[in-house]
1. Please compute the contact order of chain B in relative form: average sequence separation of alpha-carbon pairs under 8 Å and at least six residues apart, divided by the residue count, as a percent.
2. Can you work out the accessible area per residue across chain B, with the rest of the protein chains kept in place, probe 1.4 Å, in square angstrom?
3. Taking 8 Å as the Cα distance limit and 6 or more residues as the minimum spacing, I'd like the relative contact order of chain A as a percentage.
4. Am I reading the A/B interface right? What is its buried accessible area, both sides, 1.4 Å probe, to the nearest 100 Å²?
5. Return the single residue from A:A192, A:A279, A:A243 with maximal mean-square fluctuation; model: Gaussian network over chain A, springs between Cα atoms under 10 Å.
6. As a test, work out the antiparallel percent of DSSP beta bridges whose residues both lie in chain B, rounded to the nearest 5.
7. Past the 24 angstrom mark, what percentage of all C-alpha to C-alpha distances in the stretch A:189-304 do you count?
8. Mind listing the long-range amide H neighbours of B:L295? Cut-off is under 5 Å, sequence gap 5 or more, other chains count too, H placed in the peptide plane at 1.01 Å from N.
Amino acid sequence: MQHGKYRFIVGFLAVPLGLYALFVIWPFIQSIYYSFTDWTGLSPEYKMVGFDNYSRMLDDDIFWKSLQHSVMFALLVPLVTLSLALFFAFMINVGGRRRRGGPAITGVRGSGFYKIVYFFPQVLSIAIVALLFQFAYNPDSGAINSLLRGIGLDSLQPLWLGDPNIALWCVMAVLVWSTVGFFVVLFSAGMASIPAELYEAALLDGADRATTFFKVTLPLLWDTVQSGWVYMGILALGAESFAVVQIMTTGPGGPDYSTTVMVLYVYQKAFRDGQAAYATTIGVALLLVTLAFAAVVMRLGRRERLEY
Amino acid sequence: MGSTSAENNGTGVGRRDLIKRSAALGLVSVPAMGFLSACASGGGDDQKKAEAGEKSAKNPLAVNESAKMEFVLFDGGFGKEYAEDAVKLYEKAFPKAEVKFSATQKIQSTLQPRFNGGNPPDLVDNSGAEQMDMGVLVGKKQLADLTPLLDAPSYDDPNKKVRDTLRPGIVEMGQFDGDPVWILYYAYTVYGNWYSQKALDSLDAEYPKTWDEMLAVCAKAKKKGMAGWTYAGKYPYYIPFSMSPMIAKVGGVEVLNAIDNLEPNAWKHPAVKTVFEAWYELFKKGYVLKGTPGLDHIQSQTAWAKGDALFIPNGSWVENESAKVIPADFDLAVSAPPGIDDSDKMPFGTMWASGGEPFIVPAKAANGSGGMEQLRIMLSEASSKNFTSKVKSLSAYNGGTDGIELTPGLKSGVAALELAGDNVVNPRMQDWYVQLQKEKIGVGCLGEMMAGRMTPAETIKKIQGYADEAAKDSSIKHYKHQ
């Protein structure tokens, strides 16, 4: 049997690895290669320019702004989303008071309903969500300002996306709103697999809700939280942040570059300005940021795995 | 833990070995893939050109009668019907030719790969949000010179060249440096201050010709609970539609040309400062509709059509774009921007009008002369009339408005053009330096000033900085007024 084993394994691995190399690794290598050229993206001709694009990038104020915003997206959006999701999931599954005749460990009243409601935004595509919020943020007739007027706050009529000081927060809020439901469901599933005896034991020892959460739930859920963190960070660095910024913001990317992110800048350079080579250079920077983010999260999050 | 790693006794393949070996396999297969997959930049063989047909009075461009012709249209505010009608005329003239017509909003995503691959279509309306950068296309020699088309006899009159049937400025706009004409702008857009004549009448006011009159009209409107102005706050590069011709009116057209040429200190001209301060006053006196900086073009046009604001800087497409929200008795009108006072360099009426909907024939098109012939058909009087009556816009064809009923906005636009006479200005920033004009000057500076977050002096300083940066930037191509 031994002589056929390698052939057997190679036979299984060759196709997926080949596909992976063709559609993932090869484009990466191409991008890195193009970042050393002056390719416009509109013509097949180009020549090598060495590190010109990189030195240009380091002098580019807009690049630094977009980097700063992307890093904020990668740090804050996962933090807020996952914290909210953990809180909601805990309340839905564990946080309820004991009711007569019910199980010892249960969620708050109406938790089944909440679970479905939280998941609603996940059903909508991010483009639709961005459009909906664009209407809501309309300072003239949007839902938020109309509501503020309705409760007598006529003097408080922010410009929302039109104000460089709050535009980025408005965009982040939309991302949190649209993704938190997914993690509520993910964490609920994780919590369901934590044995009830552990909670009962904690209850018998007189633990309150906060203690139960930090000493029982969170440690046992750590693996799920960690992969959720990486996943969410990559979403916030990549496609999702592009969609909301591109669809919702002034310009897009404004006002005055207050919401521009790296993916948007890559897109604008490649497809608006006809500077595909420079766009791939920014893409390489984005790749480094993403890798660094994943490495940091994995390292900080390393804990001994608990078996139960 | 699992049990697979426990059996690594030297004869089997352990998990760790397996991972190592598959990683090695991956590394080996990467270079091999290079032979299998082409680069993103293509570099394949260019498509074969169609042979020339027989030149005749009816076929002055010598189109091959049986060659396939492909036409890609931007499916935007003007729709696609006008082009479909023109395609039918082409098919009638060349019954043996197969015509492939398509309309899309995604010009760049559908066509960029084809330009890269050397097999672009024969005629493209390179317009809309996904417009491919014209400067790059010209610089990389991707476009065909349209001079043969311009020198061909016109469709209606064989004794008149096509170039002599076009509106002023159309041919110049298609040039970038030197004589070749790379782009033919098919629509003709009138920019200015758009308003409801009915609303103005109800205020018992005349359209203002000086800035003091403008402020007086705004004050009257404010008393009636109407803002004087609104604009596309999220896309503040609509503001120059009214501001740029005003700068020309106050300081002469040389100021605009210096700005377009990215000359040092072009923005520091006193006329620019005067005009910026005049506009800033609109904000300071509360004559700009509240919330405007957060509105996009559609939202601002809707607020304006509802009567929340009197004036909006815009182009003649607004009549079609906002047709659904403009009330029937709105009496849409456009006028040239007011000046400051009698000391202005140019007379009242000085306005911005220029070509829109840029049509190009790719250099590597298989049937480029077919594409040009299609354009020649579109530039006939009948096709132009069809365009004007269907989409409520003027075309590049000079004339073509007799005998058809014009909508109020269009009629007002024609009258404004007549009043302007030779004083039509054509600032080029928005087609020469897209990022500078829209993102840096528009969103980054004008929008900030009109939202009250920057003073005119700060704005001018910042814009001059951006303009100097662009003048020095070797990655963008620079142009000069001829």
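1. Working: 855 pairs, mean separation 108.3, N = 482.
Relative contact order, chain B: 22 percent.
2. Values: 20410 Å² over 482 residues.
Accessible surface, normalised per residue, equals 42 Å².
3. Values: 366 pairs, mean separation 85.6, N = 308.
Relative contact order for chain A comes out at 28 percent.
4. Values: alone 17880 and 22700 Å², together 36010 Å².
Between A and B, the summed buried area is about 4600 Å².
5. A:A192
6. Values: 23 of 36 bridges.
Looking only at bridges with both residues in chain B, the antiparallel portion is about 65 percent.
7. Numbers: 3272 of 6670 pairs.
Of all Cα-Cα pairs in the stretch A:189-304, 49 percent lie more than 24 Å apart.
8. B:G233, B:K234
The values are calculated or read from the model by the stated rules, or taken from the named source; none is laboratory data. The shown structure was predicted, so the numbers you read here are calculated from the model rather than taken from an experiment. Ideal geometry is used to build each Cβ from the backbone, glycine not excepted, and the neighbour counts take in all protein chains shown. The accessibility values were calculated without ligands, DNA or RNA, using every heavy atom of the protein model including side chains. Shrake-Rupley method; radii C 1.70, N 1.55, O 1.52, S 1.80 Å.
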